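A short write-up of the structure that comes next.
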Amino acid sequence: MKDINHHLTDALLMAYSAGTLPEAFDVVVATHVSLCDECRARMHEFDAVGGSMMEDVGTAELNDDSFEATMALITSSDWAEEPRPIRSTKGIFPAPLQDYVGDDIDAVNWRKIGGGVQQAILKTTGDATVRLLRIPGGVAVPDHGHRGTELTLVLQGAFRDETDRFGPGDIEVANEDLEHKPVAEDGVDCICLAATDAPLRFNAMIPRLTQGLFRI
Ligand code: ZN
Ligand code: ZN
């Protein structure tokens, strides 16, 4: 996908490559990487570094035969060059996300959370949560701060906040330092995939009262 202006941090790519992220963050990172040539290339560099470290550790215990067999296996596969296949073109959900929600946007189990905004929480293990958000054009998410990390990946439409504009494929990495009020651009519904590892800090009373209910 072209025209992606906001990318993953090296820290997130490295943690993903090392397999240390909670599942909720893995989904967002994998989905962005499936859309973004630039991050996919950086990811492969981290994978290669991690792989060679594994080799250094592994060769001491392997005899010559099994080492050669392992290397033959590695060099014969072209996994590193190939982007993940996109299983369906009818929806907006890339393959890593289809494992969780299927490929039909209207078949998602959307729940209203107020102000015309709908969400669908994905089933993941661990403390972090990941959800799809569907925000009608022109609608704002109540202004809030963050207690941990929030990753927001745009799948359709666009939103703006105090920092910039985020369009399809763009990812916003927010942390404790950012207070923002994302507003969906006029036009099609803005559909995002958003992961958090701690509850948000809402400034207004109503969202504060309902956030427990909606696990925001
Ligand atoms: Zn990227
Ligand atoms: Zn936020």
* To do: Scan the stretch 144-160 residue by residue and report those that are of a type outside the set (Val, Ile, Thr), within 11 Å of ligand 2 (Cβ to nearest atom) and crowded, with 18+ Cβ neighbours inside 10 Å.
  => His144, His146, Glu150, Leu151, Phe159
* Structure fact -> Of the residues in the stretch 38-55 that are without any contact (Cβ under 8 Å) to a residue 40 or more places away in the chain and charged (D, E, K, R), the one that is farthest from ligand 2 (Cβ to nearest atom) is Glu55
* Asked: Which of the residues that make up the stretch 1-33 are more than 16 Å from ligand 2 (Cβ to nearest atom), closer than 17 Å to Gly167 by Cβ and out of contact with any Cys (no Cβ under 9 Å at 6 or more places or on another chain)?
  -> Lys2, Asp3, Asn5, Thr31
* Structure fact -> Checking Thr163, Thr125 in turn, the sole residue that is touching a residue at least 12 places away in the same chain (Cβ under 8 Å), touching a His at 6+ places or on another chain (Cβ under 8 Å) and open to solvent by 60 Å² or more (accessible area, probe 1.4 Å) turns out to be Thr163
* Sort out which residues of the stretch 1-15 are open to solvent by less than 50 Å² (accessible area, probe 1.4 Å) and either within 12 Å of ligand 1 (Cβ to nearest atom) or among the hydroxyl-bearing types (Ser, Thr, Tyr) (or both), and write them in order of number. => Ile4, His6, His7, Leu8, Leu12, Leu13
* Taking Gly114 as meeting all but one of (1) touching a strand residue (DSSP E or B) at 6+ places or on another chain (Cβ under 8 Å); (2) away from ligand 1 (no atom under 16 Å from the Cβ), write down the number of the exception. => (1)
* Asked: Counting only residues that are out of contact with any helix residue (DSSP H, G or I) (no Cβ under 8 Å at 6 or more places or on another chain) and within 16 Å of ligand 1 (Cβ to nearest atom), how many does the stretch 175-202 have?
  -> 1
* **Every pair of residues 6+ apart whose Cβ atoms lie under 9 Å, when the first sits in the stretch 201-216 and is part of a loop (DSSP other than H, G, I, E, B) while the second is among the aromatic types (Phe, Trp, Tyr) and open to solvent by less than 60 Å² (accessible area, probe 1.4 Å)** => Ile216/Phe202
* Scope the stretch 166-188; condition at positive phi and surrounded by fewer than 20 Cβ atoms within 10 Å (Cβ to Cβ); matching residues -> Gly187
* Can you pull out the residues in the stretch 1-16 that are without any contact (Cβ under 8 Å) to a residue 40 or more places away in the chain and not basic (Lys, Arg)? -> Asp10, Ala11, Leu13, Met14, Ala15, Tyr16
* Would you mind finding the one in Arg131, Arg165 that is within 14 Å of ligand 2 (Cβ to nearest atom) and basic (Lys, Arg)? => Arg131
* Selection within the stretch 153-180 - of a type in the set (A, V, I, L, M) and within 24 Å of Pro94 (Cα to Cα) -> Leu153, Val154, Leu155, Ala158, Ile171, Val173, Ala174
* Matching residues, the stretch 189-214, being in contact with a strand residue (DSSP E or B) (Cβ under 6 Å, 6 or more places away or on another chain) and open to solvent by 40 Å² or more (accessible area, probe 1.4 Å) -> Asp189, Arg201, Arg208, Phe214
* **Unique match (being more than 11 Å from ligand 2 (Cβ to nearest atom) and under 18 Å from Phe214 (Cα atoms)) among Val141, Val117, Val183, Val188** => Val117
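The values are calculated or read from the model by the stated rules, or taken from the named source; none is laboratory data. Note that the structure is a prediction, hence the values are computed from the model and not measured. Cβ atoms come from the backbone with ideal geometry, glycine included; neighbour counts cover every protein chain shown. Ligands, DNA and RNA are excluded from the accessible area calculation, which covers all protein heavy atoms including side chains. Shrake-Rupley method; radii C 1.70, N 1.55, O 1.52, S 1.80 Å.
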